[in-house]
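A quick write-up on the structure given underneath.
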Amino acid sequence: MSASNAAFFRRRLGLVRLIRQNIARAPRPFALSVFGITLGIAALSFFLSLSLGMQERVLRRIFPADRLEVVPQKTSFDSGAAGALDALGSLLGAGPKPLDAQVLATLRAHPDVQTVFPRMKVAFPVRGWGGESLIGRTAYLDLPIDGIDPEAVAPELRQTGQPLAFVDHEPTSNTFCTDDKGCPSGQFCDWDVNKCRPPVPVLISPFLIEVYNSSIAKMNGLPRINGFVLGRLRGFVFVADLGRSFLARKTVTDKVRYRHMVLAGVSDRATPIGITVPLAYVKRWNAEIAGERAAQEYSSLSVQMKPGRPVTRVLEQVRKLGFTVEDNGAEQAGLAVLLLTALFVLVSLSTLAVAAGSVTHTFFRAIAERRHELGVLRAVGASRADLLFILLGEAAVIGLFGGVFGLALAWLSATGIDLLSRSALPDFPFKPDSYFLFTPSLCALALGFSVGTCLLGAAWPARTAARLSPAAALSGQR
Amino acid sequence: MPEPSSSSAESPSPPSVADPAAAAFVIVASDVRRSFGRDAVLCGASLQVKQGELLALVGRSGSGKSTLLSVLGGLDRDYQGQVTLFGKDLAALSDAALSQLRNEHIGFVFQSFHLLDHLSALENVLLPNAFAASPLAHAAAHERAREALARVDLADRATARPPELSGGQKQRVALARALFFRPQLLLCDEPTGNLDVTTGQRIIELFATLNQREGLTLLLVTHEPRVAAVARRVLRIDAGQVVSGSATDLVTDQSTELAPDSARPAHRQEDPP
């Protein structure tokens, strides 16, 4: 370290020592100022962390912000001209524009898009049945099924360590059979074609589990599905009758297929109501049962945005192509959270403004009391800049303490509310373990605000003090 | 006496050798005017103080002695006229440069001591180091401060805070603080005004010693004849102007406003036994 640097640091150290001595000799006004700032910062960081927590831990789980679900135009419920045009088009056989391979290629080429995964729904009813080994009787349920490219869920399944493969097994299986006993281990006999095949891997959505846990399980006295139960459920095999409806109590096609299915795992990308299988199955089934056209039209295209890219340009392109996006309420929910956050932050900032005013008052009073002392410091060589450094340094220390205590208070309050929520509130879908998220950047922001508020509050009195004439300060003149 | 450090371009430095006329004078003040509202306190005061001089500035109460001292020490900049300190025009110096000049080249001793009560005697003496352009390292600064306290016979009171000290001890701590950077000029405003006769005498003797042995330039503002008596030259301030004077001028003034030393209470601010 050069001599001038050493001198600079020694000088700063000397001034910092004076700041420490000044704070130590008048702890009460210091504590009062810290208290005001603590309250303001606690409120600010509490509401900001609540907003962050709601966005990250609740909203993003329900409404992923980096994904769009492109769908065909919806039927118009407009009773005016738009509705009339829609009805006319329908009569002339002009349904909504189909989502086909061309649209898929166009969206995949968009510069803001990372990838697009097509989804296809089965174009006929499906009845699922099974569960004797689990609940002691066979349960029947109509199953909405959609297909998705396995690549769309592969990273998530790898990340969550779900062991069963979510792939299309069908083309590899041709062993003849009349029942399951004649099939190799892990394969089942599909009776319509008398072939042994691995079961179709199925994914379900966490939303479906939440709905089951919070309503179905409760109403029917069934066990809740948690991580442990889910682990046991993986590998659960049931049968799907393709082309049959439990609700209609009749066969809707003469091309009924029977397929064994196995629960492979849980994915955020699985359809919220129903089950999701690899896309190739749905394409084949639609072609066999509902015709070639049904195998060409996707029900939706799941668009994954590149990191940090806005959705606006893609939305524009989607609308130009004659499609729309699934309105999942994310925008409204996000806006509601944003507005509430803004309101609470405004309240917190008002508290901080009052605290800053209190700091200003405290400093003006302190400077009036320390007028003589400031004169002494000037007489022994303190420059205006030195006095500013000392007084603003004291303010910064108040801000730092206020920031740390404020953050601690906010965190304690948040922890208390989380504990209360866990013990006193009933379960509801997507109930988080914590509603709050304290990120390093939030803590840095809170500390910055705290120190900044105090510096702002002390700036005027400090400037007034620094401009005092030493002679006037020493003699007690105004 | 070692020279205090002085580094920046704007920083004050002793007059150059090439200017012997300037080198001879530590202070040159010409036609200094200072008013407070409508009250003109200094009305064209001029004086020159040579290096190594012990000068007393006497005058009646309210005559402007302390005001002139503040102007000369750079504590008051709201004056008209010209004041040159160590060859530098005070009006031309920035606040930082003037502060550095006060810090390194001038020591102040005031009637009411002006010590900070929340600091110990040692910490009070150390104060100038906090504002120096090149502060001494911690150990060296403490050694210097203890040395300064020892010079005023207060080595054993280093940890005492001002409220625990007598008036004489406080003034000696203030003197030790003023001498911390071994200044070239000591400006004293009624240094014995709050002290009893014996303690005041010891302080006066200390000033005389500093002047004689170390060549320190001293400007004493006083209205006490015994203080003025140690000065080699006495100036009188009258009607806002500086005129030649003598210690006996004060005797004349005493008849109207001053009590003789013998009449002052012996117990005031006295040293503890």
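The values are calculated or read from the model by the stated rules, or taken from the named source; none is laboratory data. Quick caveat, the model's predicted, so the values are computed rather than measured. Note: ideal-geometry Cβ built from the backbone for every residue, glycine included; neighbour counts use all protein chains shown. Remember, those area values only see protein heavy atoms, side chains included, never the ligands or the DNA or RNA. Shrake-Rupley method; radii C 1.70, N 1.55, O 1.52, S 1.80 Å.
Quick check on my filter: what residues within segment B:134-144 are at the interface with another protein chain (Cβ under 9 Å from one of its Cβ atoms), open to solvent by 30 Å² or more (accessible area, probe 1.4 Å) and outside any loop (DSSP other than H, G, I, E, B)?
Of everything in segment B:134-144, just one residue is at the interface with another protein chain (Cβ under 9 Å from one of its Cβ atoms), open to solvent by 30 Å² or more (accessible area, probe 1.4 Å) and outside any loop (DSSP other than H, G, I, E, B), namely B:138.
Taking only segment A:429-451 into account, find how many residues are among the small types (Gly, Ala, Ser) and out of contact with any Gly (no Cβ under 7 Å at 6 or more places or on another chain).
Keep residues of segment A:429-451 that are among the small types (Gly, Ala, Ser), which gives A:434, A:441, A:444, A:446, A:448, A:450.
From the residues that got through so far, the ones that are out of contact with any Gly (no Cβ under 7 Å at 6 or more places or on another chain) too are A:441, A:444, A:448.
So the answer is 3.
State whether one or more residues within segment B:120-133 are among the hydroxyl-bearing types (Ser, Thr, Tyr) and more than 8 Å from every other protein chain (Cβ to nearest Cβ).
Within segment B:120-133, the first condition is being among the hydroxyl-bearing types (Ser, Thr, Tyr), and the residues that meet it are B:120.
Subset that is more than 8 Å from every other protein chain (Cβ to nearest Cβ): B:120.
Yes: segment B:120-133 contains one or more residues that are among the hydroxyl-bearing types (Ser, Thr, Tyr) and more than 8 Å from every other protein chain (Cβ to nearest Cβ).
Would you mind stating whether residue B:84 is in contact with a Phe, Trp or Tyr (Cβ under 9 Å, 6 or more places away or on another chain) and more than 9 Å from every other protein chain (Cβ to nearest Cβ)?
It is true that residue B:84 is in contact with a Phe, Trp or Tyr (Cβ under 9 Å, 6 or more places away or on another chain) and more than 9 Å from every other protein chain (Cβ to nearest Cβ).
Among the numbered criteria (1) more than 9 Å from chain B (Cβ to nearest Cβ); (2) at pLDDT below 85; (3) open to solvent by less than 30 Å² (accessible area, probe 1.4 Å), which single criterion is violated by residue A:6?
Every listed condition holds for residue A:6 apart from (1).
Could you check, for segment B:158-174, whether at least one of its residues is at pLDDT 90 or above, surrounded by 24 or more Cβ atoms within 10 Å (Cβ to Cβ) and closer than 28 Å to residue A:3 by Cβ?
No, there is no match, as no residue in segment B:158-174 is at pLDDT 90 or above, surrounded by 24 or more Cβ atoms within 10 Å (Cβ to Cβ) and closer than 28 Å to residue A:3 by Cβ.
Could you list, in sequence order, all residues of segment A:192-232 that are under 20 Å from residue A:142 (Cα atoms), in contact (Cβ under 8 Å) with a residue 40 or more places away in the chain and within 28 Å of the chain's Cα centre (by Cα)?
Across segment A:192-232, the qualifying residues are A:201, A:202, A:203, A:204, A:205, A:206, A:207, A:208, A:209, A:210, A:211, A:213.
For segment B:175-211, enumerate the residues that are aliphatic (A, V, I, L, M) and open to solvent by less than 30 Å² (accessible area, probe 1.4 Å).
B:175, B:176, B:178, B:179, B:185, B:186, B:187, B:195, B:203, B:204, B:208, B:210
Is it the case that segment A:158-165 has a residue that's among the hydrophobic types (A, V, I, L, M, F, W, C) and open to solvent by less than 30 Å² (accessible area, probe 1.4 Å)?
The answer is no; no qualifying residue exists.
Looking at B:78, B:39, B:31, B:89 in this structure, which one is facing chain A (nearest Cβ under 10 Å) and open to solvent by 20 Å² or more (accessible area, probe 1.4 Å)?
Going through B:78, B:39, B:31, B:89 in turn, just one is facing chain A (nearest Cβ under 10 Å) and open to solvent by 20 Å² or more (accessible area, probe 1.4 Å): B:78.
Being touching a residue at least 40 places away in the same chain (Cβ under 8 Å) and open to solvent by 30 Å² or more (accessible area, probe 1.4 Å) is the filter; apply it to segment A:308-320 and report the residue that is farthest from residue A:96 (Cα to Cα).
Among residues in segment A:308-320 that are touching a residue at least 40 places away in the same chain (Cβ under 8 Å) and open to solvent by 30 Å² or more (accessible area, probe 1.4 Å), the one farthest from residue A:96 (Cα to Cα) is A:309.
Can you report the number of residues in segment A:9-28 which are within 9 Å of chain B (Cβ to nearest Cβ), open to solvent by 40 Å² or more (accessible area, probe 1.4 Å) and modelled with pLDDT of 85 or more?
Going through segment A:9-28 one residue at a time, the tally reaches 3.
Of all residues in segment B:145-157 being open to solvent by 50 Å² or more (accessible area, probe 1.4 Å) and within 25 Å of residue A:12 (Cα to Cα), which is modelled with the highest pLDDT?
B:146
Is it the case, given these coordinates, that residue A:323 is open to solvent by less than 20 Å² (accessible area, probe 1.4 Å) and under 30 Å from residue B:123 (Cβ atoms)?
Criteria not met by residue A:323.
Mind counting the residues in segment B:92-117 that are more than 9 Å from every other protein chain (Cβ to nearest Cβ), surrounded by 19 or more Cβ atoms within 10 Å (Cβ to Cβ), under 18 Å from the mean Cα position of the chain (by Cα) and assigned to a loop (DSSP other than H, G, I, E, B)?
Selection size over segment B:92-117: 1.
Determine whether segment A:377-397 contains at least one residue that is over 30 Å from residue B:115 (Cβ atoms), more than 14 Å from chain B (Cβ to nearest Cβ), in a helix (DSSP H, G or I) and under 40 Å from the mean Cα position of the chain (by Cα).
no
Within segment B:60-67, is even one residue more than 15 Å from residue B:33 (Cβ to Cβ), within 13 Å of chain A (Cβ to nearest Cβ), in contact (Cβ under 8 Å) with a residue 12 or more places away in the chain and not small (Gly, Ala, Ser)?
yes
For segment A:443-478, how many residues are part of a helix (DSSP H, G or I), modelled with pLDDT under 90 and of a type in the set (Lys, Arg)?
Qualifying residue count for the region: 0.
Quick test for you: out of A:409, A:425, A:374, pick the one residue that is modelled with pLDDT of 95 or more, surrounded by fewer than 23 Cβ atoms within 10 Å (Cβ to Cβ) and not charged (D, E, K, R).
On inspection, the qualifying residue turns out to be A:409.
Could you tell me whether residue A:281 is at pLDDT below 90 and out of contact with any Cys (no Cβ under 6 Å at 6 or more places or on another chain)?
No: the conditions fail for residue A:281.
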